[in-house]
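Notes for the one structure printed next.
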Amino acid sequence: MKIAIFPGSFDPVTLGHEEIIEKGLALFDKLIIGVGVNSQKKTMFSEAERLAQLQAAFGHHEQLQIEAFEGLTVEFAQQKGARFLLRGLRNGQDLEYEKTIALINKELVAEIETVFVLSSGQFSHLSSTLVREVIKYKGNISNLVPPAVANLIYPKPN
Ligand code: ADP
């Protein structure tokens, strides 16, 4: 069984992440979205909020699991019996950055392979940083995050 971890901060999860998740579901038997928790890193959304957003958007996929983890991604992968790490690439800058991380991870655990998926042009400009900026000023995020996530971020009055 091919198991992959899709690690990230997901602060918040975007349509760019969604594209990588969908491609990952087609490549692997099981995909575990690993929400990296780092007590030193300030996030806009708490661990619980990020997990709830991911659950709302992707919880219905049987092939998919959503979990928080602390520490090294490769160690989390080993705990889960995953041989693959999935990462998305938007541009050359992502590639340079991701390459160094993948090489370090390879040094740490040689059996784990990082698999890269290219984002389509439509989403290559999208980042969680940009979405957080829009949220700060109460801008419209319906074209930036999955609908279920937008509903959690801006609850509808009733
Ligand atoms: P991290 O803090 O680990 O970079 P992110 O949540 O920002 O966490 O990103 C997780 C993964 O999703 C990374 O591989 C990143 O390159 C990828 N990613 C983020 N936004 C996009 C996007 N718009 N298109 C494709 N991949 C993306």
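Find the residue count for region 72-101, including only residues that are among the small types (Gly, Ala, Ser), more than 10 Å from the ligand (Cβ to nearest atom) and at pLDDT 95 or above.
Final tally of qualifying residues: 3.
Tell me, yes or no, whether region 84-98 has at least one residue that is among the aliphatic types (A, V, I, L, M) and within 24 Å of ILE153 (Cα to Cα).
No.
Tell me, yes or no, whether region 2-9 has at least one residue that is more than 9 Å from the ligand (Cβ to nearest atom), under 18 Å from LEU89 (Cα atoms) and either at pLDDT 95 or above or over 15 Å from the mean Cα position of the chain (by Cα) (or both).
Scanning region 2-9 turns up at least one residue that is more than 9 Å from the ligand (Cβ to nearest atom), under 18 Å from LEU89 (Cα atoms) and either at pLDDT 95 or above or over 15 Å from the mean Cα position of the chain (by Cα) (or both).
Go through region 91-113 and give me each residue that's among the polar types (S, T, N, Q) and surrounded by 14 or more Cβ atoms within 10 Å (Cβ to Cβ).
ASN105
Name the one entry in PHE76, PHE69, PHE58, PHE45 that is in contact with a Gly (Cβ under 7 Å, 6 or more places away or on another chain) and within 22 Å of VAL149 (Cβ to Cβ).
PHE69
For region 132-158, enumerate the residues that are surrounded by 15 or more Cβ atoms within 10 Å (Cβ to Cβ), free of Cβ contacts under 8 Å to residues at least 60 places away in the same chain and part of a loop (DSSP other than H, G, I, E, B).
ILE141
Exactly one of (1) free of Cβ contacts under 8 Å to residues at least 24 places away in the same chain; (2) within 13 Å of the ligand (Cβ to nearest atom); (3) crowded, with 18+ Cβ neighbours inside 10 Å is unmet by THR129. Its number?
It is condition (3) that THR129 fails.
Exactly one condition in (1) within 13 Å of HIS17 (Cα to Cα); (2) surrounded by 12 or more Cβ atoms within 10 Å (Cβ to Cβ) is false for SER120; which is it?
(2)
The values are calculated or read from the model by the stated rules, or taken from the named source; none is laboratory data. Quick caveat, the model's predicted, so the values are computed rather than measured. So basically every Cβ, Gly included, is an ideal-geometry build from the backbone, and we count neighbours across all protein chains shown.
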